[in-house]
Each structure stands twice: as C-alpha cells, then as structure tokens.
1. Return Ile150, Ile193, Ile36 ranked ascending by Cβ neighbour count within 10 Å, so the fewest neighbours appear first.
2. Using a 10 angstrom Cβ neighbour count of at most 16 plus a DSSP loop assignment to flag exposed GluC sites (Glu not before Pro), which longest range of the chain is free of such sites?
3. Could you give me D for region 60-111, from Stokes-Einstein at 25 °C and 0.890 mPa s, where the hydrodynamic radius is the Kirkwood radius over C-alpha pairs? Units µm² s⁻¹, please.
4. Where nothing but the Cβ of Lys and Arg (+1) and of Asp and Glu (-1) is charged, how large is the charge dipole of the chain around its Cα centre, in debye to the nearest 20?
5. In what order do Met41, Met1, Met55 fall by count of nearby beta-carbon atoms within 10 Å, going from fewest to most?
6. Please find the FRET efficiency linking Leu73 to Glu37, where r is the Cβ-Cβ separation and R0 is fixed at 22 Å, and quote it to the nearest 0.05.
7. What do you get for the angle between helix 19-32 and the principal long axis of the chain? Use alpha-carbon atoms, 0 to 90 degrees, nearest ten.
8. How much length would be gained if the chain were fully extended between Ala176 and Asn62, taking 0.36 nm per residue of separation minus their Cα-Cα distance, in nm to one decimal?
Amino acid sequence: MRIEYTRDSLTVSDLDPDPILQLAQWLDDATSAGEIEPSAMCLATSLDGRPSCRMVLLRDLNRWGLVFYTNYLSRKGLELEVNPHASVCFWWRGLERQVRVEGTVYRVDEEESDAYFASRPRESQVSSIVSPQSQVIANREDLELAASQITDTSRPEHWGGYRLKPDAFEFWQGRAARLHDRFRYSGGPAWVIERLAP
C-alpha cells in the first residue's frame, strides 16, 4: 500500500542554519498539527554491530543535544555503555516528515536526572523504581505487588538521563512520485547543509 505525499515541500531556504532550532520548529509544528506523541523518537543502539531500536520520548532539546531518560540496566542502557553511538528518528505521519539525528550519547549529570525524576507523576516514579527493564519476569502480579509496596520515590541509581550530542541531522519532507526532499546537516558547529537524493 503506497501513499502519495503531497502536503508540502522543503528547500534549503526553508531551513534554519542551526539544526537544533530547525528540529525545535518541526516539533512545534507536529504539536500544533495534533500529532500523537510528537516527541516520540525511535532510538537505535547497537552491540557488536547488531542494531536494536525502540521508541523513547524526547524530554529536552537544547544546544547540547537531545535528552531522554531510561533504566541504565535496560538493553539500551547496557548497549550504550559499550557503544555510545546512537541514532534517533522522528516520524510525523500527518506532516509527512521525518528527522534523523546521529551522534554520541552520554549520561546527564545526577542533578539533572534528579530534577526530571522529581517532576514525574508518582506512578511513573514507582514503575521506574520496581521495573527490572528488559529482564525476564515471572508474571505481572509480582510487578504490581512490588509497586504497591513502594513508599520512597527517590530516583534510583539505576535510572537517569542520556544526552545525544549530534554530529549529523537529516530533515525529510515527503513529496509526490517518491521525489522526496532530503537535507543533511554535518560538520557542526559550523553546520554544512547538503541536499540528498531521495
């Protein structure tokens, strides 16, 4: 099943010289357009050259990069400890747009992780505390029982933030006849913008 993309176009003159600002604008556009989970991004990590991917939520975007939070002992956390290079991809179906970002990932400082954890709903704090993310568990009931017994909702040591420091961006706008518009930013901080073939 194929869909013809006819909503918009993209030229180099449409792009901000700063890819972080361009991404922020497209995130705003996706939010305004009513996209479901506009900050959702597919995070790809790898171990020994074998990639794995999953959806995570962008929680901060600034000149230092893109921040997401997770369990450090999850599959992605363990892979990032061995290979700190990763890629994320945003997809906004209604806008017929995607953005890819590649770079190096490192942990945010503990104070930043503490502040974000404290801002989360209690239920989210509890699930982060009790879930041995990515590990095999016997059943859901044990997990729910453990959650019901939590009284201290301080951030656990095994949970916190990562920042992806970008070294490449690609902005993609769907076009008719599969002649999509693609632009790559590379070589930051003095970013070079190049058009790529679809």
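1. Sorted ascending by nearby Cβ count, the order is Ile36, Ile150, Ile193.
2. Details: sites that count: Glu4, Glu157.
In short, 5-156.
3. Working: Rh = 12.7 Å.
Once the numbers are plugged in, D ends up at 193 µm²/s.
4. Rounded to the nearest 20 debye, it is 680 debye.
5. On the way: Met41 23, Met1 2, Met55 11.
Ordered by Cβ neighbours within 10 Å, fewest first: Met1, Met55, Met41.
6. FRET efficiency, Leu73 to Glu37: 0.35.
7. Value to nearest ten degrees: 80.
8. On the way: separation 114, 0.36 × 114 = 41.04 nm, distance 3.31 nm.
Computed gain between Ala176 and Asn62 is 37.7 nm.
Bear in mind these aren't lab numbers, they're just calculated from the coordinates by the rules spelled out. Bear in mind that the values here come from a model prediction, so they are computed numbers and not experimental data. Backbone-built Cβ (ideal geometry, glycine too); neighbour counts: all protein chains shown.
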